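Here the structure is laid out as structure tokens; the discussion comes afterwards.
The values are calculated or read from the model by the stated rules, or taken from the named source; none is laboratory data. Computed from a prediction, not measured in an experiment: that's the story for all the values here. FYI the Cβ positions are ideal-geometry reconstructions off the backbone, even for glycines, and counts take in every protein chain you see.
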Amino acid sequence: MTVHGCTTEIIKLRSMNKKSSVRRILSIFLCLSGFVFPVKSQTPADSVIVHWDKVEAVSKTTPTLQVVEMPRLRFPADVHDHIFKALKELGADYVRYVPWFPYPRLAVAELKPPTKTETFWDFTYLDSTMKAFMEATSGHSVVINFSTIPAWMWKTDAPVTYPDDPYTPAWNYNQGASLRDTSMQELAAYYVRLFSWYTKGGFTDELGKFHKSGLFYKIPYWEVLNEPDLEHNISPQVYTRIYDAVAGALKKISPQTKFVGITIAYNNNPEWFEYFLNPKNHRPGIPLDAISYHHYSTPSGPKQTVDQWQYIFFDRADDFLHRVRYIESIRKRLSPETITTVNEIGTIINELPTKEYFSLSGALYAYMFLELTKLGIDGAGESQLVGFPTMFPDVSMTNWESGQPNARYWVLKLIKDNLGPGDKLVETFQTNGGFVSQAYITAGGKKLLLINQRNREIRVKLPEDMKGAIADASDVSTNENPPAREVLPDNEIVLKPFAVTVIRLQTVTNNKK
């Protein structure tokens, strides 16, 4: 501190209260004694250390997403085209498609029960999006889930009504906890006909009439219901009977199809896993190919912003990951051949999102993908391709007004294009927190994944061999644009707020003969 600075401190002392003046006197004393106050310098970079020769795990995890049927997938035409163009260009495997109950006319093929003289099969609205989805995912595996059972198959106090307008939501459509046909033959027959419409060219209805579709899609995976613990509040025992009825019937007409079960929203009840994964609780011959369940990070209270969510979302993710470890111990004990997919991963804030929120949500997905990879989970599905105001805009991966991808999409594409099954995770250390790092040896070379969990820039010192490496990053500055690319001039990088970055080491070739 200079003499001028000491003089300034003395002037300030005159206006101080007693408590503050004691501190000020101490400051003046140190100043006059020649004590030099340290000047704040640039924050030193955190460091990442990689041991490329120490492989810790081999990835089984496929990065993917879910597509939920809703009006915004259908119109306006330019939005529809952009959304499905983005899905096609993503090129993901195991993409999940769910026609969902709030829009019964878009999700249910037989809205009325058959009579002695008439049936009411109608695929008018179901087919258009299904066709667009199958075309966009052509050449890739899919998981189909027509999750909504016709309301008339459930025991209810009164007939369940629904709007004439197919695009008006009916949140009360899912009612009842017991099927009217306890043998579940009626339910199984519905799904056989629905499945046959899309895979066998058509089906014969309850009155013996053949309905021709001309469709012969390959459906490698069929998921049985969606969030049964929430949508119908049924027990693991009832769900298991439904699963057996549906999977058993479909297996007879499509032996190559595999089935995904459980599909619950909340994973804090181990009974679901203990009961369903025990082969003794299933009919003989019923396959237990795969299970799925979901996670959404949410705020811990009202009036929070990104400044709080940047901590809360990752804390909630860590809580979920603890449960995943416990669920995996149950699976390995009861049905070790069954694979696991967490096929809805996202964040929900119940308000219109900002670009900062979308980048944070993208970083959360990247973190979940990494941690699920370490746990040996087979699939990590981001939720969802599109949402819009009144229908979960906070989980949308595309702009619902233009159809253009947002940061959540670009993070998934960045991961999918660089990381996946077969990659070797090598020993990676870092100093301090606020970001996450993991190095990989992939078929495309050595790579480093960096995830900034904070709403601030973070300087990171990289291993020396990363000078000249290529870094691709999605963050708040790229927003609805593809990840920004730079060639690192040295072994340091600045991670922008909520950046998800993949660094690829340049392959050095020797041209000498």
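Things worth noting here:
- Subset tally (residues that are surrounded by 17 or more Cβ atoms within 10 Å (Cβ to Cβ) and either farther than 29 Å from Ile291 by Cβ or without any contact (Cβ under 8 Å) to a residue 60 or more places away in the chain (or both)) for segment 120-139: 6
- The lone criterion from (1) part of a loop (DSSP other than H, G, I, E, B); (2) in contact with a helix residue (DSSP H, G or I) (Cβ under 6 Å, 6 or more places away or on another chain) left unmet by Thr478 is number (2).
- Beta carbons closer than 6 Å, at least 6 apart along the sequence or on distinct chains, pair a first residue in segment 474-487 that is in contact (Cβ under 8 Å) with a residue 60 or more places away in the chain with a second that is β-branched (Val, Ile, Thr) for Ser474/Val411; Ser474/Val500.
- Filter result for Lys424 (under 20 Å from Thr61 (Cβ atoms), out of contact with any helix residue (DSSP H, G or I) (no Cβ under 6 Å at 6 or more places or on another chain) and either at pLDDT below 95 or basic (Lys, Arg) (or both)): yes
- Annotation note: of Asn418, Asn399, Asn406, the sole residue that is touching a helix residue (DSSP H, G or I) at 6+ places or on another chain (Cβ under 8 Å), buried (at least 17 other Cβ atoms within 10 Å of the Cβ) and among the polar types (S, T, N, Q) is Asn406.
- Among the candidates Asp93, Asp164, residue that is in contact with a strand residue (DSSP E or B) (Cβ under 6 Å, 6 or more places away or on another chain) and in a loop (DSSP other than H, G, I, E, B): Asp93
- Any hit, segment 180-193, residues being more than 26 Å from Ala158 (Cα to Cα), assigned by TED's automatic domain parsing to the domain that holds Thr124 and in contact with a Phe, Trp or Tyr (Cβ under 8 Å, 6 or more places away or on another chain): yes
- Whichever residue in segment 373-385 is under 18 Å from Val98 (Cβ atoms) and out of contact with any Gly (no Cβ under 8 Å at 6 or more places or on another chain) and, among such residues, is surrounded by the most Cβ atoms within 10 Å (Cβ to Cβ): Leu385
- From the list Ser359, Ser329, the one residue that fits, being over 16 Å from the mean Cα position of the chain (by Cα) and outside any strand (DSSP E or B), is Ser329.
- Residues of segment 316-351 that turn out to be under 15 Å from Gly387 (Cβ atoms), out of contact with any helix residue (DSSP H, G or I) (no Cβ under 6 Å at 6 or more places or on another chain) and surrounded by fewer than 19 Cβ atoms within 10 Å (Cβ to Cβ), as a count: 2
- The set of residues from segment 272-291 being part of a loop (DSSP other than H, G, I, E, B) and aliphatic (A, V, I, L, M) comprises Leu277, Ile286, Leu288.
- Selection within segment 447-475 - over 19 Å from Thr428 (Cα atoms) and either at pLDDT below 95 or among the charged types (D, E, K, R) (or both): Arg454, Arg456, Glu457, Asp472, Asp475
- Checked against the criteria, Tyr243 does not count as of a type in the set (Phe, Trp, Tyr) and more than 19 Å from Pro220 (Cβ to Cβ).
- Residues in segment 476-513 that are among the charged types (D, E, K, R), out of contact with any Asp or Glu (no Cβ under 9 Å at 6 or more places or on another chain) and exposed (fewer than 14 other Cβ atoms within 10 Å of the Cβ) were compared, and the one that is modelled with the highest pLDDT is Asp490.
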